[in-house]
Amino acid sequence: MTDTYGAGCFDEFLWIFAQGASNGHLDIAEQTGQMRSLLRGKVVPGLGPVLEEYRAESGDLVQWGVTDNADLLAWIPAGDPDHWPTVIIQAGRLGAVVTARSSADTVLGLLTGALRVPFFPDDFPSERPSFSPDPYH
């Protein structure tokens, strides 16, 4: 997905990271490190059993996106990397949603409305979702 679009924002809400992005706020490695520090030792309702199912810990997660509301999107690195499931962690660590979809399929599902996240705003996605590339790229 980032080979096609690069880092940037879908529908003025969902930010996608890329490896080596010139904007550190959109760099996978930098943001993953920050997310792991944030989650270290914290309890996220609903996340523990999911991670146990995949034999993973919060320190294993790889963050690939964020929303304007600070919800985190991360891969659970289990199995074939092309098929890593995604966990969407609500801002404030109040809840989590897991999907077995790839990141590209997750974004497509979110933008078409086929994948609904209960803590995302009702006006997302818009009727005509758009993409804005990283202005610093």
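Tabulated data for the structure shown
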read-out: Euclidean distance of C-alpha centroids, segment 26-81 and segment 90-137, integer Å; value: 16
read-out: Unit charges at the beta carbon, dipole of segment 2-112: most positive-side option, ASN69, GLY95, HIS83; value: GLY95
read-out: Cα long-axis angle, helix 28-39 against the chain (0 to 90 degrees, to the nearest 10); value: 40
read-out: Whole-percent pair-distance distribution, where bins are 10 Å wide, for the alpha carbons of the chain; value: 12, 46, 36, 6
read-out: Rel. contact order, % - alpha carbon contacts under 8 angstrom, at least six apart, segment 2-112; value: 19
read-out: Helix 103-112 vs. the chain, principal-axis angle (Cα, 0 to 90°, nearest 10); value: 60
read-out: Karplus 3J(HN,Hα) series, Hz, for segment 52-64 with 6.51 cos²θ - 1.76 cosθ + 1.60 (x for Gly, Pro); value: 4, 4, 9, 6, 10, 10, 4, x, 8, 4, 10, 7, 10
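No lab work stands behind these numbers, since they all come straight from the coordinates. If you're wondering where the values come from, they're calculated on a predicted model, not measured in any experiment. Note that we place each Cβ from the backbone using ideal geometry, even for glycine, and neighbour counts take in every protein chain shown.
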